[in-house]
Structure formats: C-alpha cells, structure tokens
Amino acid sequence: MRFVIHPAAMISLTHKVIFSIFHATKSTKGRMQMAQEALISVINPETKRQKLSPDERPPGFGGPQGFFRPHPVSITLAERMDTLENKTLYLVDIGFGGGYNFMLEIQRWFADHMPSVKTIPRRKPGFVFADDENALWDEIKQDGDAVVLGVGG
Amino acid sequence: MAPISAYTMEAVVKNDPRAIVLPFIFTPNPVVGMSSEVLYKKLLEGNDPATGRPVIDEIIDILTKPQEKKKPESKKESESIRPRETLQPDTEDNLQQIFYERGWTDGLPIILPTEERVHKMLTGTKRSPDELVGEVYDHDHHELIKYTVGDLAVTAVMAGAKPEHFPVVLAIASLRQSSLRPSTTAFGSMLLVNGPIRNELGMNAGIGAFSPVNQANSVIGRAWTIMSICWGYAKPKRTLWSSQGCNDLYNNMCVPENEERSVWIPFHVDKGYKPEESVVSLFRGWSVINSIGCAAHRSITEELNLEFGVMPPLHSRATIILDPLVAANLKDNEGFHTKQDYCRHLSENIKIPAGQYWKTDYIDMLISSQANAGVEPYASWKLLPDDALIAPFTNPENINLIVVGGETSPLWKASEYGHSGSASIDEWR
C-alpha cells in the first residue's frame, strides 16, 4: 500500500519519525521490535450543507399548498378557555397508527370524569404528512371550542 | 389546541421551529397496538415522560390555562464543514477510528481517501471534479446538500470502488436520492445495473448475485450508502430514525440484470433506454420476501398472491425479481411472451380481502386520505365489506419484473419496492 505523506507531516517526520515499541519480551531474548508508522493525510468526506432561509426553501409536494407549508411568520396561541365544562372538544387523529384508538380513550375519559364535555373524535381526512385539507379545520372553527391533535409518532 | 406526540419524537419537536413554540404533550411510546386499558390507564392517565405529569391533566391545563408561547432555543450553528479539506495527518488506525467516530462510515473499515486515491478515482470520468452532480434537500433541517464529482470521488474511494466503477457511482448520485431514508420504518433500497457496463465491470447477475461475493456488486452498492452517510443521513434522531434499520443498506441489493439469460427485454429498455446503453435504476420500499421453495404445488401467480396479501402494494407498486428459470417457464410454458403480459395477469389475478388491505398499517396511513378525498378505486374499496376481494394492482405498469439469478433453482424475490428513477451511466464516463 502506498501512502501520501502530507507536507506538514513530512516536516514532522524529518525530525522525529514515530517509532512504536510494541513488543519486548524475555522470550524474544531482549530483542526489541520496532515499527514505524507513517502518518497519512486524508480528505474530509462530508458534503457541504447549506442552511436555507424560509424564502429559499423549495416547494414540496402532496397538496396544493405543497408537502410542507411555508413557516408562519409568527404563531399566536389562541386565547384559553376558563373551563372545558359544556364545551365541544374535537379529538383529531392525524393518521399515525393507534391515534384514533387513543382519541377514543380520551373520549371515554371525559365521559367518565367530565361528562358535560362534548367530544367528537375525527380522523384528519388529508394526507398524514401534510396539512393539505381545510374542511375539518373550518368545521372545528365553526362548531368546536378546542382541539386535541395527535398522536405524532 | 393541545398537540400530542409520542415521546420518541421529542427531538423533532425541539429541532423544528414550527413545533417548538407549541405546548406539546408527550405520551410514552408506542401508542400503536396498545389495548384500550393500556391507552387509558398508562398513556392517558399515566405521566408525560417529559414533565412527569399525567397526560390527561396536561391536556386539560393546556386548553384552560394561559400558555406562554415557547421560544426556540438559540442553537449554536453547526460546525462549518469544509468539504474535501485535508484532515490532520494521522496513522491509519487512528484515521479509521476517526472516520468511524465521526459517523462517516457504515461501521466497516473503509479505504482511506488520500489525495492520490481520490485523483486516481477521478480518472474514471471525464467530468471536472468541481462539477455539481446534484443536491438533496433535507426537509427536516431545511438544509441543502450539494455534492460535486470530487466529493463523490472521496466517498467512492472509501467504499472500495475503483475508477472504472466511478461512472456508475456518479449516475447513482445524479438521481438525488439517499439510500437511507429519515423514517422510523425500515426502509430499504435497491440498485440495478443494466447494459454493457455490467460485463465490463465483471458484475455478477448469476449464482449468488445478491450474496456478498462479487467486488463490483459490493462496492458500487456500498458507495451509495457511504455517500448518503456523508450527506448526513445517518445521524441518530436527526436524520436516522429507523427503529430496527435495514441491513440491505450495506450494499443496497446492488445487482445487474441477467440480460443474457432473460427471455424478456431488459428492465432499462422497458424504461425507454436502448439496449446498448448502460443504466442504473433505483428502487425503495420496506419488504422483500425470498421464496423459501419453488412453486411446487401452486403456480407462481398463486404464490405471489399469498405474498402480496401480507404486503399490499402502495399505488400498485411492486418489484419482482425472477430467476431466469422462472421467466423462461412463464414465457415458454405459460405463454407470457412479454413482461407486460405477465404484469397484466398479476394485476387481474392477485386479490386480497378489502378488510385485510385497509387494516394494513401503512395502507391505512398513506392511502385512506385518498379514499376520503374520493379518489378511485380507493373510495369504492372503503365501502366494501371486509371479506370482499379487491385486486390491489390496478396499474400493471407499476409492477417491475427483473431477471436475476444463476438458474440453480426456479426461485424469486417479491417486494413492494417501487422504482424511484433511472439514469444513464454512459453520460458520466
């Protein structure tokens, strides 16, 4: 095997070749075996990664808005309610396996402990990885007071 | 809104500026497959692993108590990467360890990419080292990964490729696909070579074509994985999420088609290339079933019917790899003169119960939305009783037939892998 010695390493090697004493035992009658290890210069294999600003990000796929919608400029959290009593709570399964059954258990819990809360379990109709459908969100805005959304996994 | 995620995705939430500002609740993992009582008692009334508080209490609090919008953590910018920079000289053993520890390898020893070896690799193409071959976009981190001929020469050396293999490696890279996918599932990849270059490189399409015995098959396939790793696709909980992983990714099932022994036209000709062109084709999916025995008591169509019952196709996609003996039997004895004839036959004869189809996790997850949107035939299939038979291969053009093997036994491999692109190798010589 041939090695390419980096120029910086050559200087080093000129003055102090590295000797590794790796074996010295009585059974070899005191003979000392020495090995010379050459330094090798190699190239970083990583590929350049360029962070893109929101404006530079490519459009996606999967729906009219693209697979990934643009980042919102800012997110404002909705005003919280004082209580869930007598409110309508949508339980939205986004489509990952097990999500719908989990929402059914949330429904059961409210029936057991807070029966005045009206719960509506729903499966998000659009693609699991995209926000490509608005009908359910419009329905919730009109008829619902709050949403539990999940379960990502 | 109270958004909920399984705790395993906490890193995604923390790294995504869209998610970090939201009051996420985490459940223990997994949610899927849990009984009603486990979901109720352990996941809902049990604690959020991130906070130690009951999940149901958090749901109620998040919906009824003022929430402060969380601020994204100011993160230190990732270390500036200078591709093709020369590293500090070191011993071979130390460099092997450094490459491994920095996550630049598949765990196996690599050929160290010295300037000399990289220059030699570049003699395998007339293209300039600075020429951009492609770019891939990392959606999770909003990063564009650009790679040149020179970058790929480095990773090709590492994989053990020779200059004559390099045009194949460049053609693979030109398709802009990582062999490793950022999914929690066990995605696998496959790589097929067609045309004269198969024999020029001494690739093995015969006995043991998929076995670890042939240099060109091994190193070309490995080169796709090494380049993907160096693009950054093997960083656990950043880009690598596959819970179990897939060992096919060591060389991506890299094989040439056995064109000489096939009774049908080669795969690349199916895709519009000329027979004398050399072409690489990529495939990906989750599951490959190796036939344990031959079609001794049932026809191969009946055998495939059983196999696709447990891995229903997404959008009719499947890749079936037949030993030349099987292809010859289908043509000479069963009258399927072309691959298309047999694909149509499969489309008409493979049938599974509708309930079995829809209760397949990935079908429900990825196809139900189309049924909900009224897309046919999915919308109609949703209305069927569970025991009604459906023919899930509605588009026979999405079934890929490939002939590989050494004719020691009439066997096959069935997969739901889809064809994800082909590229000319000759353009990169």
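Just to be sure, is B:Gly202 loosely packed, with under 15 Cβ neighbours inside 10 Å, more than 9 Å from chain A (Cβ to nearest Cβ) and outside any strand (DSSP E or B)?
In short, yes.
May I ask you to verify whether B:Pro256 is touching a helix residue (DSSP H, G or I) at 6+ places or on another chain (Cβ under 7 Å), within 22 Å of B:Ser409 (Cα to Cα) and without any contact (Cβ under 8 Å) to a residue 60 or more places away in the chain?
no
Scan the range B:373-417 residue by residue and report those that are within 23 Å of the chain's Cα centre (by Cα), outside any loop (DSSP other than H, G, I, E, B), crowded, with 21+ Cβ neighbours inside 10 Å and not β-branched (Val, Ile, Thr).
B:Asn400, B:Leu401, B:Trp412, B:Lys413, B:Ala414, B:Ser415
Are there any pairs with C-beta distances below 7 angstrom linking a residue in the range A:125-149 that is within 7 Å of chain B (Cβ to nearest Cβ) and in a loop (DSSP other than H, G, I, E, B) to a residue that is open to solvent by less than 50 Å² (accessible area, probe 1.4 Å) and polar (S, T, N, Q), with the two at least 6 apart or on different chains, and if so which?
Within 7 Å, the pairs are A:Pro125/B:Ser369; A:Gly126/B:Ser369; A:Phe127/B:Ser369; A:Val128/B:Ser369.
Yes or no: the range B:315-334 includes at least one residue that is assigned to a loop (DSSP other than H, G, I, E, B) and of a type in the set (Val, Ile, Thr).
no
Is it the case that some residue within the range B:238-252 is buried (at least 24 other Cβ atoms within 10 Å of the Cβ) and either in contact with a strand residue (DSSP E or B) (Cβ under 6 Å, 6 or more places away or on another chain) or assigned to a loop (DSSP other than H, G, I, E, B) (or both)?
yes
Condition first: in contact (Cβ under 8 Å) with a residue 40 or more places away in the chain and either open to solvent by 60 Å² or more (accessible area, probe 1.4 Å) or under 16 Å from B:Ser179 (Cα atoms) (or both). Can you find one or more residues in the range B:264-271 that meet it?
Scanning the range B:264-271 turns up at least one residue that is in contact (Cβ under 8 Å) with a residue 40 or more places away in the chain and either open to solvent by 60 Å² or more (accessible area, probe 1.4 Å) or under 16 Å from B:Ser179 (Cα atoms) (or both).
If only one of B:Ala209, B:Ala171, B:Ala186 is open to solvent by less than 30 Å² (accessible area, probe 1.4 Å), among the hydrophobic types (A, V, I, L, M, F, W, C) and in a loop (DSSP other than H, G, I, E, B), which one is it?
Exactly one of B:Ala209, B:Ala171, B:Ala186 is open to solvent by less than 30 Å² (accessible area, probe 1.4 Å), among the hydrophobic types (A, V, I, L, M, F, W, C) and in a loop (DSSP other than H, G, I, E, B), namely B:Ala209.
Tally the residues that are among the hydroxyl-bearing types (Ser, Thr, Tyr) and within 14 Å of chain A (Cβ to nearest Cβ), restricting the search to the range B:205-232.
Residues in the range B:205-232 being among the hydroxyl-bearing types (Ser, Thr, Tyr) and within 14 Å of chain A (Cβ to nearest Cβ): 2 in total.
Scan B:Ser316, B:Ser368 and give me the residue that is under 23 Å from the mean Cα position of the chain (by Cα), among the polar types (S, T, N, Q) and within 14 Å of chain A (Cβ to nearest Cβ).
B:Ser368
Within the range B:15-24, which residues are of a type in the set (Val, Ile, Thr) and either in a loop (DSSP other than H, G, I, E, B) or at the interface with another protein chain (Cβ under 8 Å from one of its Cβ atoms) (or both)?
Passing the criteria: only B:Val21.
Yes/no matrix, rows are residues, columns are (1) more than 10 Å from chain A (Cβ to nearest Cβ); (2) open to solvent by less than 10 Å² (accessible area, probe 1.4 Å); (3) over 30 Å from B:Phe267 (Cβ atoms):
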residue: B:Thr91; (1), (2), (3): no, no, yes
residue: B:Trp104; (1), (2), (3): no, yes, yes
residue: B:Glu115; (1), (2), (3): no, no, yes
residue: B:Lys126; (1), (2), (3): yes, no, no
residue: B:Glu131; (1), (2), (3): yes, no, no
residue: B:Leu144; (1), (2), (3): no, no, yes
residue: B:Leu152; (1), (2), (3): no, yes, no
residue: B:Ala161; (1), (2), (3): yes, no, no
residue: B:Gln177; (1), (2), (3): yes, no, no
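Considering the range B:39-54 alone, what residues qualify as being of a type in the set (A, V, I, L, M, F, W, C) and more than 9 Å from every other protein chain (Cβ to nearest Cβ)?
B:Ala50 - this is the single residue of the range B:39-54 that is of a type in the set (A, V, I, L, M, F, W, C) and more than 9 Å from every other protein chain (Cβ to nearest Cβ).
The values are calculated or read from the model by the stated rules, or taken from the named source; none is laboratory data. Computed from a prediction, not measured in an experiment: that's the story for all the values here. So basically every Cβ, Gly included, is an ideal-geometry build from the backbone, and we count neighbours across all protein chains shown. For accessibility, only protein heavy atoms count, side chains too; no ligands or nucleic acids. Shrake-Rupley method; radii C 1.70, N 1.55, O 1.52, S 1.80 Å.
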